[in-house]
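Chemist: The structure follows.
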Amino acid sequence: MSINGQINASNLSKNYGSKATIAQILATAVQSLLLIGLGMELSMPTIVIKDLYENPNSNFTLSLSQVSWYGSILFIFHPTGSFISGFLQEKFGRKYCMIFANIPSILGWITLHFTNSTILLYTTSVLMGLSIGFSEAPILSYVGEITEPRLRGSMTSLASAAVMFGSLIIFILGFLFEWRTVALLSALCPIASMFLITLIPESPIWLVSVGKNKKAEKSLCWLRGWVEPKKIQTEYLELIHYNEVSGINNDSKSASFFKKLAELKNPSVYGPLKLVMIIFFISNIICLSPGRSFINEIFHKVGILNNHSLILVIMAVLQNIGYLIIIFTIHHVGKRCLAIFAFSINTVLLLLFGGYVIVLKNGFISSTPLIPTIIICCIYFFGAGVGSLPWMLISEVFPNKSRGIATGSCAGMSYLLMFVLTKIYLSVESTLTIEYTLILFGAIGIFGIVYLYFYLPETENKTLLEIEEYFLKL
């Protein structure tokens, strides 16, 4: 069945004005410090591998097999943290889970600074993977629950942009300093995050779900521009109604682990979960995410032999520009149109990239490093629209009753998927060669465009209740 990107329901949300926008931007920006840290943690292996891979001048080096494990091991332990946080955020709230998530991150960065063996290097990835996992689910729930429908797309884009900003910071630091200094400086991010998160309010939707209605009202007043309670009474009553129609009660909040896990089989959860995971798979492929840790090796294979650190900085800058464009346009363009456009561009770029390498290897043209450099930079630029889509959807497509376990499980499975894709990337490339790997990724992109056209609804400018009711009708 073709979906024309419509969820037919009226938008009940009120526009509170500029002060409410500022308040929601502040809350989103503060919690996005965790995502900046996430981007730094995801990109750090690129810096470390560049300096340690078969480097005789280092006190310890990495073999090709160790590079493969180090580049992917973080994604093994991320799902563990995500699944756990899916339950913890329902019991302790989004805010306290986000504060706690900084602890393993701080330990990971400090350990990385002092590491002198492969085992310790792997240990830092374990700690960072757990940190990312603990933070992802509450972040995704929080930003979707605190924002008005008119701002939700932009704010979830801002959260996604924070990951790319973290990558930019790491690549700039990697350009200026050696990797141990980069690790020590990076520990400042989670330290600042722990402090600033204490200053923002808890999610009013979570507070209502646990019966703390007065605190929910106070939180909503803060998020809508530090207004008086009478200003938010309509939305406050809608939150209580939303809680009631979603089936949240004390029994559901105290349900056992297995009962909570069983909620994933509910069609209202399974349907959105399947949609998001398919999009995760396709978006990771056409953003070249599986090869991110090995990007310096990719550079060599396509004829880019110099200035790798500078190119990484340029790529990160372009990604951040791409996310800024999304933040300011998604409210007007919508997620569906933006996603189909970005998926189409990246698919064409991958096919062109593969074609370039084929003609280069067959001697039809001489090596021109500028061409693959431009193509790779464009893939990462348009990848902002591709990579942000599933993260935006996670924050809004799951029903209130199951949002904690669903966001945690979805985030966990996404990184388990990334572990598999990253771990097998070198094997796939070795079997198919770089050019036909790119062609394969482009073919997957074509499938993705068709899938988005038929199955992706438009959720921009819709309330969480409207989105929940849409998926219930499928």
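The values are calculated or read from the model by the stated rules, or taken from the named source; none is laboratory data. Source: prediction; values computed, not measured. Glycine also receives a Cβ, built like all others from the backbone with ideal geometry; neighbour counts cover every protein chain displayed. Just the protein is used for accessible areas: all its heavy atoms, side chains included, with ligands, DNA and RNA removed. Shrake-Rupley method; radii C 1.70, N 1.55, O 1.52, S 1.80 Å.
Chemist: Ignoring ligands and nucleic acids, what accessible area does Ile444 show with a 1.4 Å probe (Å², nearest 10)?
Modeler: Only protein atoms counted, so the area is about 30 Å².
Chemist: Mind checking the angle between helix 233-245 and the chain's longest principal axis? C-alpha axes, 0 to 90 degrees, to the nearest 10.
Modeler: The helix 233-245 is inclined about 80 degrees to the chain.
Chemist: Could you order Leu318, Leu223 by accessible surface area, starting with the largest, using a probe radius of 1.4 Å?
Modeler: Descending order: Leu318, Leu223.
Chemist: A further question follows. How tilted is helix 335-361 with respect to the longest principal axis of the chain? Cα atoms for both, answer in degrees (0 to 90, nearest 10).
Modeler: Once rounded, the angle reads 10 degrees.
Chemist: Please give the helix 213-223 orientation as an angle from the longest Cα principal axis of the chain, in degrees from 0 to 90, rounded to the nearest 10.
Modeler: The helix 213-223 is inclined about 50 degrees to the chain.
Chemist: Here's a follow-up. In terms of modelled amide H atoms, which long-range or inter-chain residues lie less than 5 Å from the amide H of Tyr53?
Modeler: It is Leu62, by chain and number.
Chemist: Oh, and also: At 0.36 nm per residue, minus the direct Cα-Cα distance, what do Leu440 and Lys214 gain on full extension? Give it in nm, one decimal, please.
Modeler: 75.9 nm
Chemist: Contour minus end-to-end for Tyr122 and Ile191, with contour as 0.36 nm per residue of separation and end-to-end as the Cα-Cα distance?
Modeler: 22.6 nm is the gain from fully extending Tyr122 to Ile191.
Chemist: To the nearest 10 square angstrom, what accessible area does Lys91 show with a 1.4 Å probe?
Modeler: 140
Chemist: Could you run the Karplus curve 6.51 cos²θ - 1.76 cosθ + 1.60 with θ = phi - 60° over region 283-297 and give me ³J(HN,Hα) per residue in whole Hz, x for Gly and Pro?
Modeler: Rounded to whole hertz, the list is 5, 4, 5, 7, 8, 6, 4, x, x, 4, 5, 10, 4, 5, 5.
Chemist: So what's Rg/Rh here for region 17-200, counting alpha carbon atoms and using the Kirkwood radius for Rh?
Modeler: So for region 17-200, dividing Rg by the Kirkwood Rh gives 1.01.
Chemist: Could you name the lysines in cross-link range of Lys301, using Cα to Cα under 24 Å and dropping any fewer than eight places away on the same chain?
Modeler: Within the straight-line cut-off, Lys301 pairs with Lys50, Lys361, Lys423.
Chemist: What does the highest-first list of 408-419, 172-183 look like by mean Cβ count within 10 Å?
Modeler: Ranking the peptides 408-419, 172-183 by packing returns 408-419, 172-183.
Chemist: Return the sequence-ordered ³J(HN,Hα) values of region 90-105 in whole Hz as given by the Karplus equation 6.51 cos²θ - 1.76 cosθ + 1.60 applied to θ = phi - 60°, using x for Gly and Pro.
Modeler: Coupling constants for region 90-105: 6, 8, 10, x, 5, 5, 5, 5, 5, 5, 4, 4, 6, 5, x, 5 Hz.
Chemist: Separate question: Given the options Tyr451, Tyr16, Cys189, identify the residue whose Cα lies farthest towards the positive end of the charge dipole of the chain (+1 on Cβ of Lys, Arg; -1 on Cβ of Asp, Glu).
Modeler: Of the listed residues, the answer is Tyr16.
Chemist: Please turn the phi angles of region 455-463 into ³J(HN,Hα) values with the Karplus equation 6.51 cos²θ - 1.76 cosθ + 1.60 (θ = phi - 60°), one per residue in order, whole Hz, x for glycine and proline.
Modeler: Ordered by residue, 3J(HN,Hα) equals 10, 8, x, 8, 10, 5, 6, 10, 6 Hz.
Chemist: Which of the lysines could a cross-linker span from Lys335 if the Cα-Cα distance has to be under 29 Å and same-chain partners fewer than 8 positions apart are dropped?
Modeler: Those lysines meeting the cut-off are Lys14, Lys19, Lys95, Lys265, Lys274, Lys401, Lys462, Lys473.
Chemist: So, taking all protein chains as they sit and a 1.4 Å probe, how much accessible area belongs to Leu426, in Å² rounded to tens?
Modeler: Using a 1.4 Å probe on the heavy atoms, I get roughly 40 Å².
Chemist: What does the helix-only formula give at 222 nm for the chain: each DSSP H stretch with n ≥ 4 adding -39500 (n - 2.57), the total divided by the residues, and the result rounded to the nearest 500 deg cm²/dmol?
Modeler: Mean residue ellipticity, 222 nm, calculated: -26000 deg cm²/dmol.
Chemist: Quick one, which of (1) 72, 61, 43; (2) 70, 50, 43; (3) 57, 54, 39 is the actual Cα extents along the principal axes in Å calculated for this model?
Modeler: Read-out taken from this structure: (2).
Chemist: Sticking with this structure for a sec: Can you pull out the chymotrypsin sites (Phe, Trp or Tyr not before Pro) in region 344-403 whose DSSP state is coil and whose Cβ has at most 14 other Cβ atoms within 10 Å?
Modeler: Phe364
Chemist: Sort 292-299, 328-335 by the packing proxy (mean of other Cβ within 10 Å over each peptide's residues), most packed first. Mind showing how you got there, number by number?
Modeler: Details: 292-299: 20.1, 328-335: 16.8.
The densest-packed peptide leads the list: 292-299, 328-335.
Chemist: In nm, what is the difference between 0.36 nm times the number of residues separating Arg180 and Phe60 and their Cα-Cα distance?
Modeler: 41.9 nm
Chemist: Here's another thing I want to ask about it. Given a Förster distance of 45 Å, report the FRET efficiency between Phe364 and Gln233 from their Cβ-Cβ distance, rounded to the nearest 0.05.
Modeler: For R0 = 45 Å, the calculated efficiency reads 0.05.
Chemist: Which residue, Met418, Ile326, Val348, has the largest displacement toward the positive end of the dipole of region 278-428 when charges sit on each Cβ (Lys, Arg +1; Asp, Glu -1)?
Modeler: Positive-end residue among those listed: Met418.
Chemist: So, with a 1.4 angstrom probe, what is the percent of accessible area on region 341-474 that is carbon and sulfur?
Modeler: Reported share for carbon and sulfur atoms: 74 percent.
Chemist: In 10 Å bins starting at 0, how do the alpha-carbon pair distances of region 108-202 split up by percent?
Modeler: 14, 38, 32, 13, 2
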